[in-house]
Each structure stands twice: as C-alpha cells, then as structure tokens.
1. Can you tally the net charge around VAL19? Count Lys and Arg as +1, Asp and Glu as -1, for every other residue whose Cβ sits under 15 Å from the Cβ of VAL19.
2. Arranged from highest to lowest average of other beta-carbon atoms within 10 Å per residue, in what order do the peptides 105-112, 49-56, 6-13 appear?
3. Between GLU30 and ASN78, what is 0.36 nm times their sequence separation minus the Cα-Cα distance? Round to one decimal in nm.
4. Accessible area of the range 1-153 with a 1.4 Å probe: how many percent of it is carbon plus sulfur?
5. Rounded to whole Å and sorted largest first, what semi-axes of the equivalent ellipsoid does the C-alpha gyration tensor of the chain yield via the square root of 5 times each eigenvalue?
6. Taking a quarter of the surface of the convex hull around the Cα atoms of the range 70-133, what do you get in nm²?
7. Okay, which of the range 1-32 sit inside 12 Å, backbone N to the point 7 Å along the Cα-Cβ direction of GLU114?
8. Accessible surface of ARG103 in the full protein assembly, 1.4 angstrom probe, to the nearest 10 Å²?
Amino acid sequence: MDPEIRNRKLESYGNAASVLDAALKRFPREMWLFRDEHGCWSIHEHVIHIADSEVNSYIRCRRMIAEPGMDLMAYDENRWASALDYHSIDTAGAVELFRILRRQTYELIKDLPESVWSNTCYHPDNGDMTLENWLDVYERHVAEHIEYMQQNYEEWVQAKSLNTSAS
C-alpha cells in the first residue's frame, strides 16, 4: 500500500469514534431496538458488535506486530450476538470501550516502521493477512455498520409511516 494512502486510512481509522458518535446522534433512541422485516440487526446490536469487533481487532493487530506468522482467531458474529444477548448489553459502555480500544491501537500503529506493515498472520476465514490488510478491513468497518444503521433507520421511518397511515 502506498504510504500516502496508508496515512489517509490511518487518519480515518483514528477518527472512527467521532464518526460513530455523530452517526448515533442521528438515530432516535426509540428505534435502536427496531429490526426490519428481514430480521437484520438493530442499531443496538450493531453498536455492541462494533465493540466486540474492536476487541478482536485490538488483539489481532498486536499479534500481527508482535507475533507475525501466528494464527488469528475467527469468530461467528451472529452467534456472539445471540449467545451474548446483545440487547442486554449497555450501548454506552460498548461505545466507550470502542473509543478506548480504537485510540490505543491508533496510537500504537500511527508511527510503525514501514517493514511492520507487511507482517502476516493466518486468519481461518480470510487466509494470510498482512497488517495492511487488517488496516483496510478495520478502517472501513465502522462506516459499513453506519450504512446498515442508516438502512435500518429508513426501514423504521417507512414502517412508522405505514403504521400512522393505517391508523
């Protein structure tokens, strides 16, 4: 990856907590538990998943830096959401956990030597991954989930308007 592109991704990665905070303010709390007719995750579930994903990301990044060549842990995000009862987990704590972990990792990686970015570990679902691959995945992870939240919000607005017009 070109160092200039990496630097842009690093800054985007480092700003993700602010982006998430701003996005969450757009969605009324009254709809955070709403699921569309397809059963997609609620905004609440997305928030908890983002924190759980960041925990895994935190460990994966450190393993790639300190123990290249080792295996990374995979996990089934839908199984976690169900088995851990995501709706029972506090979103404020999850957002704070995300914020702390993301800041710590950003501080760790922002000045890494060039050679470390090509460190590789094996991920059971994705095969060999470099630290650059890791950055690419996690730099866009929050934005992807914000898009899902926006879709959920639009479905909620539509369902709400149908319920209002049916009354």
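1. Values: positive: ARG8, LYS9, LYS25, ARG26, ARG99, ARG102, ARG103, ARG140; negative: GLU11, ASP21, GLU54, GLU139, GLU144, GLU147.
Local net charge: +2.
2. Values: 105-112: 14.2, 49-56: 20.1, 6-13: 16.0.
Answer by packing, highest mean first, reads 49-56, 6-13, 105-112.
3. Values: separation 48, 0.36 × 48 = 17.28 nm, distance 2.33 nm.
Working it through step by step, the gained length comes to 14.9 nm.
4. On the way: 4040 of 8050 Å².
For the range 1-153, the apolar C and S fraction of the accessible surface comes to 50 percent.
5. On the way: eigenvalues 220, 57, 37 Å².
Working from the Cα gyration tensor, I get semi-axes of 33, 17, 14 Å.
6. Working: hull surface 22.2 nm².
Taking a quarter of the hull surface, the average projection is 5.6 nm².
7. Label zone hits: 1-4.
8. 120
The values are calculated or read from the model by the stated rules, or taken from the named source; none is laboratory data. Remember, it's a predicted structure, so these values are computed and weren't measured experimentally. With ideal geometry, Cβ positions are generated from the backbone for all residues, glycine too; neighbour counts draw on all protein chains shown. Areas reflect the complete protein model, heavy atoms only, side chains present, ligands, DNA and RNA absent. Shrake-Rupley method; radii C 1.70, N 1.55, O 1.52, S 1.80 Å.
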